[in-house]
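Peer 1: Provided herewith is a single structure, encoded as structure tokens, for subsequent inquiry.
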Amino acid sequence: MSQKYYEFFCPVKVIAGKAALEHIPYELTGLAAKRPMIITDKGVRAAGLLDPVIAACEESGLDIVSIYDDVPPDSSTSVVRDIAGIYRQEKCDAIIAVGGGSAIDTGKAVNILVSEGGDDIAKYSGAGVLKHPLKPFFVVPTTAGTGSEVTAVAVITDEKKGVKLAFTSSFLLPNAAIIDPRMTLTLPPHITAATAMDAMTHATEAFTCMAKNPLSDAYATAAVKKVSQSLLDVMDNPKDTNGRLELAQASTMAGIAFSNSMVGLVHSLGHATGAICHLPHGLCMSLYLPYVLEFNLESIREPLGELLLYLEGPEVYSATPASRRAEASISAIRKLRDQLYKRCQLPRTLKETGKVLESQLDHIAEQALDDGSIMFNPKEVTLEDAREILRRAWA
Amino acid sequence: MLLKRIQPMVFQTRRLYVDIMFQVMGRALQAVSEVDETVQNDARALPEGLLFEMMVMPDGPRLIVEHTGNGHFHYHGESAPRPIDLSIQFKHIAHAFLVLSFQEKTAEAFAHDRMLVDGDLSYAVRMTRVLNRLEAFILPKLIAKRAVKEYPDSLHLPEKLISAARIYLKVATNFVETARA
Ligand SMILES: [Fe+2]
């Protein structure tokens, strides 16, 4: 490509590793924040994941002023408004989102309201509406997959209109992402597997889609390597702290990669399937990844072949002729999926999910064609193409 | 010194070229939407009365079309009868020139952060596919291959329409050559 141009941006301070949570008070003080609010969900609280966060702050004499623990899996405009109300009432001055994609997106949206004012989050939807930095905002991810801690997007459902509102602004990025292996240690196996495959898909699509660039490539390959090396170890030994940290870092790195170079058709299909059949996002990613790579194969032969080094390591890479590496990468991903199926029955086909009807495939195909991420897929996708991929992914 | 004298000419030519290409595309968009089923199928899902704009920031040339229903577009020139619903905005005239002189694919321009979408992203996705198809129509196959991700196998259009558009294109190509230098 002779007209190559790219942009890369990630101003999030990453605080990662052992006892990372204990850095929160110092980092908050550095931003002159004294009255933080925690935004989380019931599952996180029940799993006891808030305890180390609260303890870390209290030990440093920093009180968590308010805890909102009722974020639903699909956060809505009214939830955002309610939390903003509590924030104002309690005179909070910073937000700590603890959780997965939904709690983090909610934190981002609440931060818009409490910083910009008003009760109607819908009026800030779209791209580039925000013009000023927001209040201090920290994210503590409790899953290793979404990468939301480093993306400049939030999606919130407007339940009155029944539509999903997207908010895009670099001001949504948190000041810091705190990656502490304690937060993912108790993730159940099927969530560990699905979310890690989400990260794997972020990295693979970032590396093979149209907006790939040298900086996002570096993050993407490193993420693929970490997931390949650690996922099965963690599946076999869930309390493996080092392995957990590797997956959490991989998720953040893959998030940095794809937020700068976008994703492609795996996500278009996944978003449509999630909306129509209510399947978890990571599961959809794992399911569609090899089928989409096969579809894109001739457009991505070179970068996909390069990924073999990170998927299988130097021995396999050097023993595989250059002309076969792209296919070998797809096989490696299939092999990983088979291993995950063996360990936690993570579905490999739509039929294996038991939640998709063959009659829904057309609807999924149509909706996928309207998804924004299809724009960055390296190969043009027609409705018939999408149907064909779904037929292959069926069984 | 020489550069100082030549630059304004290049700027002017580039602007003129983008202006003309927007007009060519606007008319072609209307024409193609009347005969091509693929375009109609993509456009049909857009709300009736949707106003689509492609423009150069901050206040440069623009092309405005309206979806009048059933997959048909009506070209409005540079002025809109109502507020715009979906806008694709080039950050700079240089970026519009890259795309409109077919040196950069529309999807690539998105990937390279050359332009922004204001409005519903799913509509923007559809319009991008329509624009890809349009480029395949009005361009000779060789150039079109550079401009779109894939050149469609089957293009059925009255020869008259194609040649008309290509006449515009010929005029336009002269501008490219001048402006590229
Ligand atoms: Fe994802």
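The values are calculated or read from the model by the stated rules, or taken from the named source; none is laboratory data. Because the structure is predicted, anything quoted here is derived from the model rather than measured. Ideal geometry is used to build each Cβ from the backbone, glycine not excepted, and the neighbour counts take in all protein chains shown. The accessibility values were calculated without ligands, DNA or RNA, using every heavy atom of the protein model including side chains. Shrake-Rupley method; radii C 1.70, N 1.55, O 1.52, S 1.80 Å.
Peer 1: Collect the residues in the range A:249-272 that are assigned to a helix (DSSP H, G or I) and aliphatic (A, V, I, L, M), keeping them in residue-number order.
Peer 2: Filtering the range A:249-272 down to residues assigned to a helix (DSSP H, G or I) leaves A:249-261, A:265-272.
The answer is A:ALA250, A:MET253, A:ALA254, A:ILE256, A:ALA257, A:LEU265, A:VAL266, A:LEU269, A:ALA272.
Peer 1: What number of residues within the range B:47-89 are under 26 Å from B:ASP113 (Cα atoms), in contact with a Lys or Arg (Cβ under 8 Å, 6 or more places away or on another chain), surrounded by fewer than 17 Cβ atoms within 10 Å (Cβ to Cβ) and not acidic (Asp, Glu)?
Peer 2: The qualifying residues number 2.
Peer 1: While we're looking at this one, here's another question. Which number in (1) away from chain B (no Cβ under 14 Å); (2) closer than 25 Å to A:HIS271 by Cβ marks the one condition that A:TYR310 misses?
Peer 2: (2)
Peer 1: So which of A:THR195, A:THR151 ends up being within 16 Å of the ligand (Cβ to nearest atom), buried (at least 16 other Cβ atoms within 10 Å of the Cβ) and not assigned by TED's automatic domain parsing to the domain that holds A:THR106? Explain how you work it out, then say what you get.
Peer 2: Working: A:THR151 fails: not assigned by TED's automatic domain parsing to the domain that holds A:THR106.
Every option except A:THR195 fails the conditions.
Peer 1: Within the bounds of the range A:249-260, is there any residue that is away from the ligand (no atom under 16 Å from the Cβ) and surrounded by 19 or more Cβ atoms within 10 Å (Cβ to Cβ)? Give the derivation first.
Peer 2: Step one: list which residues in the range A:249-260 are away from the ligand (no atom under 16 Å from the Cβ), which gives A:249.
Filter again for surrounded by 19 or more Cβ atoms within 10 Å (Cβ to Cβ), leaving A:249.
There is at least one residue in the range A:249-260 that is away from the ligand (no atom under 16 Å from the Cβ) and surrounded by 19 or more Cβ atoms within 10 Å (Cβ to Cβ).
Peer 1: Now, a different point. Run down A:LYS18, A:LYS4 and say which single residue is within 14 Å of another protein chain (Cβ to nearest Cβ) and either farther than 21 Å from A:ALA103 by Cβ or in a loop (DSSP other than H, G, I, E, B) (or both). Full working, then the answer.
Peer 2: Values: A:LYS18 fails: within 14 Å of another protein chain (Cβ to nearest Cβ).
When all the criteria are applied, what remains is A:LYS4.
Peer 1: Another question about this same structure. For the range A:7-40, enumerate the residues that are among the aliphatic types (A, V, I, L, M) and out of contact with any Ser or Thr (no Cβ under 7 Å at 6 or more places or on another chain). It would help to see each step written out before you state the result.
Peer 2: Initially, the range A:7-40 is screened for residues among the aliphatic types (A, V, I, L, M), giving A:12, A:14-16, A:19-21, A:24, A:28, A:31-33, A:37-39.
A:VAL12, A:ILE15, A:ALA16, A:ALA19, A:ALA20, A:LEU21, A:ILE24, A:LEU28, A:LEU31, A:ALA32, A:ALA33, A:ILE38 - these are the residues of the range A:7-40 that are among the aliphatic types (A, V, I, L, M) and out of contact with any Ser or Thr (no Cβ under 7 Å at 6 or more places or on another chain).
Peer 1: Moving to a separate point now. Run down A:GLY118, A:GLY147, A:GLY128 and say which single residue is at positive phi and touching a Leu at 6+ places or on another chain (Cβ under 8 Å).
Peer 2: Details: A:GLY118 fails: touching a Leu at 6+ places or on another chain (Cβ under 8 Å); A:GLY147 fails: touching a Leu at 6+ places or on another chain (Cβ under 8 Å).
Of A:GLY118, A:GLY147, A:GLY128, the one residue that is at positive phi and touching a Leu at 6+ places or on another chain (Cβ under 8 Å) is A:GLY128.
Peer 1: Related question: I'm trying to understand the selection: among the residues of the range A:154-167, which are more than 16 Å from the ligand (Cβ to nearest atom) and open to solvent by 10 Å² or more (accessible area, probe 1.4 Å)?
Peer 2: Kept after step one, since they are more than 16 Å from the ligand (Cβ to nearest atom), are these residues of the range A:154-167: A:156-163, A:165, A:167.
The answer is A:THR157, A:ASP158, A:GLU159, A:LYS160, A:LYS161, A:GLY162, A:VAL163, A:LEU165.
Peer 1: Within the range A:263-282, which residues are within 11 Å of the ligand (Cβ to nearest atom) and surrounded by fewer than 24 Cβ atoms within 10 Å (Cβ to Cβ)?
Peer 2: Residues satisfying the conditions are A:HIS271, A:GLY274, A:PRO280, A:HIS281.
Peer 1: Considering the range A:198-222 alone, what residues qualify as being open to solvent by less than 10 Å² (accessible area, probe 1.4 Å), away from the ligand (no atom under 15 Å from the Cβ) and either under 17 Å from A:GLY372 (Cβ atoms) or within 13 Å of the chain's Cα centre (by Cα) (or both)?
Peer 2: A:ALA211 - this is the single residue of the range A:198-222 that is open to solvent by less than 10 Å² (accessible area, probe 1.4 Å), away from the ligand (no atom under 15 Å from the Cβ) and either under 17 Å from A:GLY372 (Cβ atoms) or within 13 Å of the chain's Cα centre (by Cα) (or both).
Peer 1: A further question on this structure: Scan the range A:182-205 and report the pairs whose first residue is within 14 Å of chain B (Cβ to nearest Cβ) and whose second residue is near the ligand (Cβ under 9 Å from one of its atoms), with Cβ atoms within less than 7 Å and a gap of 6+ or a chain change.
Peer 2: Matching pairs, first to second residue: A:GLU205/A:PHE258; A:GLU205/A:VAL263; A:GLU205/A:VAL266; A:GLU205/A:HIS267.
Peer 1: Sticking with this one: Taking into account only those residues within the range A:235-248 that are assigned to a helix (DSSP H, G or I) and free of Cβ contacts under 8 Å to residues at least 40 places away in the same chain, which is least open to solvent (accessible area, probe 1.4 Å)? Walk me through it before giving the result.
Peer 2: The initial filter retains those residues of the range A:235-248 that are assigned to a helix (DSSP H, G or I), namely A:235-236, A:241-248.
Subsequent filtering for residues that are free of Cβ contacts under 8 Å to residues at least 40 places away in the same chain retains A:243, A:246.
Values: A:GLY243: 6, A:GLU246: 50 Å².
Checking each candidate, the answer is A:GLY243.
Peer 1: Now, a different point. Looking only at residues that are free of Cβ contacts under 8 Å to residues at least 40 places away in the same chain and at the interface with chain B (Cβ under 10 Å from one of its Cβ atoms) in the range A:376-388, which one is most open to solvent (accessible area, probe 1.4 Å)?
Peer 2: The selected residue is A:THR382.
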